[in-house]
Every structure is written in C-alpha cells, then in structure tokens.
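Structure first, then comments.
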Amino acid sequence: MKKVEVHTLEDVSNYREWFDKQDLPQTMQINSSAYTDDLRLTINNLLEQANTCYDNPKMQGCFYILDQIKANLQKG
C-alpha cells in the first residue's frame, strides 16, 4: 500500500505565501481534465480546503492540484 504524505499547517502557510507572490493568469488548464476560468479563486478554495484537511491522509488532493498549478506556473 502506498503511504500518503500528510501536511502541516506550516505547509499550508508556505503554499499560501508562495501563491501570494505570484503574478497569476486569469485562467489555466491545470491538467488534461481540470480547467479554471478564475485561477485566484480556485487557489483560494484549494488553500481553504488544505487548511481544513491538511492532516487527513484521505484528503490530500488539494495539495496535489496546488502542486500541479505551481508546476505550470514555474514552466511559464
């Protein structure tokens, strides 16, 4: 069985800090099946979920999507 990494409140804070420093586009194709027409709202909602569920190993999907968004932004 794959071990799921859980996060801390400090991790959530680090994500929030990183995204607050970015110049975000309005829209983004996050992956082949996820698109947002309001990236800032999507990130804020994911961070809110992360803040609530950071230590639940079954609720780590928000971090996965935040990582995908971050990778897309870093690619430019």
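The values are calculated or read from the model by the stated rules, or taken from the named source; none is laboratory data. These numbers come from a predicted model, not from an experiment. Glycine also receives a Cβ, built like all others from the backbone with ideal geometry; neighbour counts cover every protein chain displayed. Surface accessibility is based on the protein's heavy atoms, side chains included, excluding ligands, DNA and RNA. Shrake-Rupley method; radii C 1.70, N 1.55, O 1.52, S 1.80 Å.
What whole-number value in Å² describes the accessible area per residue of the chain for a 1.4 Å probe?
Values: 5320 Å² over 76 residues.
That works out to 70 Å² for each residue.
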Kindly list the residues of the range 8-24 that lie in the label zone of Gln74, defined by a backbone N under 14 Å from the point 7 Å along the Cα-to-C-beta vector. 15, 18-19
What nm value, rounded to one decimal, do you get for the distance between Asn56 and Glu10 when each label is placed 7 Å out toward the C-beta? 2.4 nm
Can you pull out the GluC sites (Glu not before Pro) in the chain that DSSP calls coil and that have at most 15 other Cβ atoms within 10 Å? Glu5
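Summing +1 for each Lys or Arg and -1 for each Asp or Glu, what net charge is found among the other residues whose Cβ lies under 13 Å from the Cβ of Gln29?
Values: positive: Lys75; negative: Asp37.
After counting each charged neighbour, the total is 0.
What is the ratio of the Cα radius of gyration of the chain to 2.2 N^0.38 Å, with N the residue count, to two decimals?
Values: Rg = 12.4 Å, N = 76, 2.2 N^0.38 = 11.4 Å.
The reported ratio for this selection is 1.08.
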May I ask you to list the trypsin sites (Lys or Arg not before Pro) in the range 33-76 that are in a DSSP loop and have at most 15 other Cβ atoms within 10 Å of their Cβ? Lys58
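With a ≥ b ≥ c taken as the square roots of the eigenvalues of the C-alpha gyration tensor of the range 22-62, please select rounded if a/c is under 1.5 and otherwise prolate if a/b is larger than b/c or oblate if it is not?
Values: a/c = 3.17, a/b = 1.71, b/c = 1.86.
Note, shape of the range 22-62 comes out oblate.
Residues with beta-carbon under 12 Å from that of Ile69, excluding Ile69: net charge, scoring Lys, Arg +1 and Asp, Glu -1? Before the final figure, lay out the partial values.
Numbers: positive: Arg40, Lys70, Lys75; negative: Asp67.
Combined, the nearby Lys, Arg, Asp and Glu give +2.
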Membrane-span-like helices in the chain: DSSP H runs reaching 20 Å or more (Cα, own axis), mean Kyte hydropathy at least -0.5? 39-53, 61-75
